[in-house]
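To start, the structure itself, in structure tokens.
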Amino acid sequence: MLPALSFTEVRRRFGRLAVLGGVSASVAAGEALLVTGRNGAGKSTLLRCLAGLLAPDSGTIDYREDGGPPLDAAGRRRRVGLVAPDVAFYGELTVAENLAFFARLRGLGRERGDELRRRLELPPDRPAAALSSGMRQRLRWAWALLHRPLLLLLDEPFQNLDAAGAAIARGLLAEHLAPGAGPGEAPGLAVVANPVPLEIPRVAASLDLGA
Amino acid sequence: MKRTAATWFLWLWIAAVIVGAFLYAPLAAKFIGQSSRILFFHVPMAWASFVAFLTAGVWSLLYLFGGKRQARQPRCDRAARAAIELGLLFGVLATITGAIWARIMWGSWWNWDPRQTSIVMALVFNGAYLALRDSVEDAEKRARLAAAYATLGLVVTPFFFFVVPRITFSLHPEPVINASGQRDMETRMFQVLLASGAGFTALFFWLHDLRTRLLALADRVLEAHGASAPGDAGAAGAAVGAAAASARTSTQ
Amino acid sequence: MWRPASTWAREAGAVFAKEWRSELRTRYALNTLALFAINTLVVVSASLGPLGAAPGRGGEALPVLLWLILLFAAAAGLPRSFVHEEETQTATALRLAATPSALFCGKLAYSLTLLGTLEALVTPLYLTVMSLDVARPGLLVATLAAGGFGLAAGSTLVAAIIAQAHGKATLFAVLSFPVLLPLLLLAVELTRGAFSGGPPGVALMQLLLYDGAVLTAGLMLFPSVWNP
């Protein structure tokens with residue numbers, strides 16, 4: 001069975017603002033959903049709700065991986081890969097140490113982290129605090145893909161990346177969406193949020209939050 | 001209609017308690033003058049603050065771990081908050097009446113007698129809970145963190161009852177029902193005391209119901225105007241302000 | 001979420017190792033705790049002088065002062081483990097990657113070792129500077145261990161709560177004081193017994209009960225505090 005994501009009438013307010021007002025969409029395996037909208041339209045909020053980091057005020061989020069019942073928020077948190085501007089790493093630890101720590105948390109060996117680090121051309125022994133913003137973005141990609149997630153949530157994923165970095169990231173995204181990306185050879189799915197539309201493969205649907 | 005009848009009954013009951021406290025119950029032997037009358041109000045107030053604390057704990061547990069109908073439901077959060085506020089009210093009243101009594105009986109307002117210490121700690125807890133609520137902006141996070149803290153309070157409080165009285169010397173009169181289970185108090189006094197206890201408990205639950213409903217209405221008003229309570233201070237004033245502001249912007 | 005014990009233990013161990021690795025590179029908490037404790041110690045001893053354990057010459061105050069020093073140093077240095085995660089935004093990554101109970105235990109183990117180090121530093125200094133004799137050193141060590149455990153456990157949970165609120169430093173003091181009071185009273189009573197040679201009575205058992213209660217509460221409540 002293939003992974004699938006759908007969400008219905010998701011709403012979230014912060015204090016005075018109704019940031020998300022009844023958003024719905026669905027994404028199938030091998031597809032990407034592109035979410036656009038002006039700043040403050042709720043793109044990041046939506047992604048955080050999908051990731052299980054925020055509880056929506058109302059609405060449902062249905063993500064299943066193996067044809068089983070939908071995962072609850074805790075399940076989604078463990079299973080998704082998130083690339084977002086507010087994901088930060090431990091400044092006093094090196095790149096390699098950061099990846100090794102998260103690999104250990106997830107019960108993984110070092111190989112995957114090393115492989116991603118090499119692919120994204122990250123200097124292993126540099127403290128994370130000393131990384132340029134572009135390098136930090138590459139580290140976010142490496143971290144997100146560490147556990148081979150089936151659902152990728154990407155919030156402004158090519159921000160700060162130079163041409164080379166963006167090309168590597170696009171390649172990783174394309175591989176993720178192609179069959180054979182995840183365990184059991186199922187293609188992954190992705191939700192990509194960006195202020196302006198992006199050139200990414202396999203976009204099946206677009207959701208514009210801004211107005 | 002049923003609610004109104006019950007409310008009238010409560011008021012009559014409490015009126016009867018007040019009359020009974022002064023006219024029906026005799027004076028206690030060991031107390032100065034009429035001061036033993038305070039007993040019928042001070043003890044039930046302390047009891048009510050204890051009931052309030054338990055109520056807040058229960059609603060907080062329901063908010064965190066309840067079934068589908070209670071978990072993460074704003075009404076459980078509102079009920080917990082209302083209970084804490086009332087616990088603060090009854091606790092302050094108990095402290096004040098206790099201090100007055102202490103002054104009459106032993107000449108000083110405060111002695112750090114273990115029960116006085118316990119009630120102060122309960123007040124500090126309640127105050128800390130409300131301070132926490134004021135420090136979190138997001139409604140969902142606020143409810144969750146407050147419920148966790150209230151539950152922690154519930155876990156820690158029994159230790160006050162075991163630890164504090166043992167460590168400090170007590171000026172408080174012996175408990176009414178002493179170790180051997182015999183009643184250590186005049187029958188009529190005991191009747192009035194029990195009646196007052198029941199009355200104050202009912203008074204707490206009635207006030208709690210009112211306060212919870214008021215909080216629910218305030219939330220609904222603010223939501224209808226596209227805003228929610230700033231911090232927790234909410235209320236009609238902010239709603240009116242928000243309504244006026246939205247009326248102004250919509251005509252621009 | 002249920003995970004097998006071995007992976008859970010590995011997770012907690014990874015968190016513990018990461019905390020100490022970061023700490024040894026920045027030494028922020030160690031510096032704060034040590035300097036705070038020593039400063040307080042200097043103030044206490046300079047104003048009271050070497051009183052020894054003689055009762056009636058302020059000797060009754062000495063157990064209290066030791067625990068006040070530990071309490072305030074803990075309040076200064078322990079909350080950082082959670083506050084720092086939120087402020088530097090590393091908490092997001094941790095929320096997605098770690099099992100809450102393992103995370104809590106890893107952080108608790110770190111707080112325990114930090115506090116234990118502080119106790120090992122402060123207590124001998126305190127005894128020396130105040131010219132105190134300890135009639136029952138075993139009881140003192142047990143009290144420091146059990147009291148330290150409760151102090152670390154309570155502080156870790158409250159730190160997790162306030163890390164997500166505003167006004168963190170003062171809020172920590174406001175929230176933790178009522179929670180930690182029974183612990184302090186028991187620890188002071190036992191310490192007094194350790195200095196003067198009286199029997200511990202039922203206090204040690206109550207302190208252990210408190211430790212168990214706070215640990216259980218922490219394990220139960222932390223997932224709700226940490227995640228929506």
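Of note:
- Net charge contributed by nearby residues that have their C-beta within less than 12 Å of residue C:24 (K/R +1, D/E -1): +1
- Placed amide H near residue A:16: partners under 5 Å, 5+ positions off or other chain: B:228
- Rounded to the nearest whole Hz, the Karplus-based 3J(HN,Hα) values (6.51 cos²θ - 1.76 cosθ + 1.60, θ = phi - 60°) of segment C:180-192 follow the sequence 8, 4, x, 4, 4, 4, 5, 5, 5, 4, 5, 5, 4, with x at glycine and proline.
- Long-range amide H partners of residue A:155 with built H, under 5 Å: A:83, A:84, A:193
- Of C:76, C:97, C:163, the one that fluctuates the most in a GNM where chain C has Cα springs shorter than 10 Å: C:97
- Shielding of C:195-204 by partner chains, average beta-carbon count, 10 Å: 1
- Separation between Cα centres of segment C:111-132 and segment A:82-124, rounded to whole Å: 38
- Segment C:79-188, relative contact order [Cα under 8 Å, separation at least 6], %: 42
- Note that segment B:51-66 has calculated 3J(HN,Hα) couplings of 4, 4, 4, 4, 4, 4, x, 5, 5, 5, 4, 4, 4, 7, 10, x Hz, one per residue in order, obtained from phi through the Karplus relation 6.51 cos²θ - 1.76 cosθ + 1.60 (θ = phi - 60°); glycine and proline are x.
- Whole-Hz couplings from phi, Karplus 6.51/-1.76/1.60, listed for segment C:135-144; x for Gly and Pro: 5, 10, x, x, 5, 5, 4, 4, 5, 4
- Sorted by Cβ neighbour density within 10 Å, fewest at the top, the residues B:206, B:47, B:112: B:112, B:206, B:47
- Summarising the amide proton neighbourhood of residue A:208: residues at separation of 5 or more, or on other chains, whose placed amide H is nearer than 5 Å comprise A:36.
- Rounded tilt (10° steps) of C:100-129 against the dominant C-alpha axis of chain C: 20
- Total charge dipole magnitude, the protein assembly as shown, about the Cα centre, Cβ charges on Lys, Arg, Asp, Glu only, Debye to nearest 20: 720
- GNM top mover of C:63, C:178, C:137 - chain C, alpha-carbon springs below 10 Å: C:178
- Working from Cα pairs under 8 Å separated by at least six residues, relative contact order for segment A:81-211 is 26 percent.
- In the protein assembly as shown, the alpha-carbon atoms span a convex hull of 201 Å³ per residue.
- Rounded tilt (10° steps) of A:163-177 against the dominant C-alpha axis of chain A: 60
- For chain A, built as a Gaussian network whose Cα springs stay under 10 Å, the top-fluctuating residue of A:106, A:48, A:77: A:106
- For chain C: relative contact order, % (alpha-carbon pairs under 8 angstrom, 6 or more apart): 27
- Each peptide among B:87-95, B:207-215 gets the average number of other Cβ atoms lying within 10 Å of its residues, and from highest to lowest they stand as B:87-95, B:207-215.
- Charge tally around residue B:216: other residues with Cβ under 9 Å, Lys/Arg +1 each, Asp/Glu -1 each, net +3.
- Placing unit charges on the Cβ atoms only, positive for Lys and Arg and negative for Asp and Glu, gives chain A a dipole magnitude near 400 debye about its Cα centre.
- Given charges at beta-carbon only (K, R positive; D, E negative), |dipole| of chain C in Debye: 340
- Segment B:11-64 and segment C:22-48 have Cα centres separated by 48 Å.
- Local electrostatic count at residue A:50 - Lys and Arg +1, Asp and Glu -1, tallied over other residues with Cβ under 12 Å: +4
All of the numbers you see were taken from the coordinates with simple rules; none came from a lab. As the structure is a prediction and not an experimental result, all values here were calculated from the model. Backbone-built Cβ (ideal geometry, glycine too); neighbour counts: all protein chains shown.
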